[in-house]
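What follows is one structure encoded as structure tokens, with my remarks underneath.
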Amino acid sequence: MDVRGYPTGQIDAKGAFTSEIDLLPIIKPGPLNTVAEMDRPHLVDQPGMRHKYLPLRHDPATGAISTGGRYLFRGYEDATKYRDFLEAKVFRGEQTTFWKRPFFFNTVRFAWSVIGAHDLAPITTHDLNRFERYSVPDAKFAARLPELFPAFLDAARRLDLAHVSLMFQPEHNLVGVLTAAARVGRRAPSFETVRFSTDALALRGSVSEVPLTELGARKTFDRTSLTLAVWLPLSEQAGGAPVIWPNSPPIPMPGVEHLGGAQPKAA
């Protein structure tokens, strides 16, 4: 695949945006992939966007899936503008703003200030992602984060992770930690290897849990997902691939399966 503009190493990103979206059980991964790709051109051209992971988590108990977004932006202001853009966004043919769609429930979204971000392996290997969110006592906690990031990066190397980023949410006093990893069995993927790899990543170990909890942080969210798609606006601008689907196969590529009736969108 021809991906351009995403070297490994330190990432020049000062902003992030994350969202969690629980979807109705009738929505399946293949149709979601199709609809997300239909949405991408209308969302990806916002200022400062570096990349987006489109996560997908399946609940075996209910059959429902969760999606959302893990974005990095050039600046914190870019991330807050994107947050505001989505709050007001109405897609053509729809009657409500983005977050008020009837097929969304339990949506959670934040704009973040990024403390540090690093790709340890090519973005084409970021098959899985894990997002951890912590509540901290007050805004003063942010001053301690820059000194912690090098240790998180070292831990990511020991755990054979492909990406790590550390962020702070100033309005709600939250710390976010995003990691990514390659999938087991990349050459011959199957639904079994995807499920195994996702579960195994959750058990591999957290780069942040011990040091943050020792400093008084409280973990409030921890979700490991496969990466349904990676949006690559920098590559598209350079004439390369605009998006990759690291888990297709086994998940059908966009355009193979479609959704009847209302068309959900994923941000």
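Bear in mind that the values in this text are calculations on the coordinates, not laboratory data. None of the values given here were measured: they were computed from a predicted structure. Counting neighbours? That spans all protein chains shown, and the Cβs are built from the backbone with ideal geometry, glycine included.
Annotations for the structure displayed:
- Gain upon complete extension [residue 99, residue 28; 0.36 nm per residue less C-alpha separation]: 23.6 nm
- Highest-first packing order for the peptide set 118-127, 22-31, 100-109, 47-56 is 47-56, 118-127, 22-31, 100-109, based on the mean count of other beta carbon atoms within 10 Å.
- Once the Cα-Cα distance is subtracted from the 0.36 nm per residue extended length, the residue 192 to residue 121 segment shows a gain of 23.2 nm.
- Lys/Arg +1, Asp/Glu -1 at C-beta; segment 9-244 dipole; positive extreme among 98, 207, 48: 98
- Taking segment 139-174 and a reference point 7 angstrom along Cα→Cβ of residue 1, the backbone N atoms nearer than 18 Å belong to 162-164.
- Computed label-point distance, nm, for sites residue 220 and residue 108 using a 7 Å Cα→Cβ extension: 0.7
- Highest mobility in the GNM of the chain, judged by mean-square fluctuation with C-alpha springs under 10 Å and restricted to 192, 236, 209, is found for 192.
- Rounded if a/c under 1.5, otherwise prolate or oblate - segment 161-201, Cα gyration tensor axes: prolate
- Normalised contact order of the chain, rounded percent, pairs of Cα under 8 Å and 6 or more residues apart: 30
- Electrostatic dipole magnitude of the chain [Cβ: Lys, Arg +1; Asp, Glu -1; Cα centre; debye, to 20]: 120
- Rounded if a/c under 1.5, otherwise prolate or oblate - segment 8-167, Cα gyration tensor axes: prolate
- When the chain is treated as a GNM with alpha-carbon contacts under 10 Å, the residue of 177, 164, 256 showing the greatest mean-square fluctuation is 256.
- Of the trypsin sites (Lys or Arg not before Pro) in segment 185-245, the ones in a loop by DSSP (not H, G, I, E or B) with at most 16 other beta carbons within 10 Å are 186, 187.
- Under 21 Å of direct C-alpha separation, and excluding same-chain neighbours fewer than eight residues apart, residue 100 reaches these lysines: 28, 81, 89, 265.
- Computed [θ] at 222 nm, helices only, for the chain once each DSSP H run of length n ≥ 4 contributes -39500 (n - 2.57): -7500 deg cm²/dmol
- In Hz, Karplus ³J(HN,Hα) per residue of segment 14-30 (6.51, -1.76, 1.60; θ = phi - 60°; x = Gly, Pro): 10, x, 8, 9, 10, 9, 10, 10, 8, 10, 4, x, 6, 8, 10, x, x
- Global geometry of the chain, whether rounded, prolate or oblate, following the gyration tensor of its Cα atoms and the 1.5 cut on a/c: rounded
- Candidate aspartates and glutamates for bridging to residue 14, where Cα separation is under 20 Å - those fewer than 8 sequence places away on the same chain excluded: 45, 77, 78, 84, 119, 132, 147, 171
- Using R0 = 45 Å, the C-beta based FRET efficiency linking residue 42 and residue 157 works out to 0.75.
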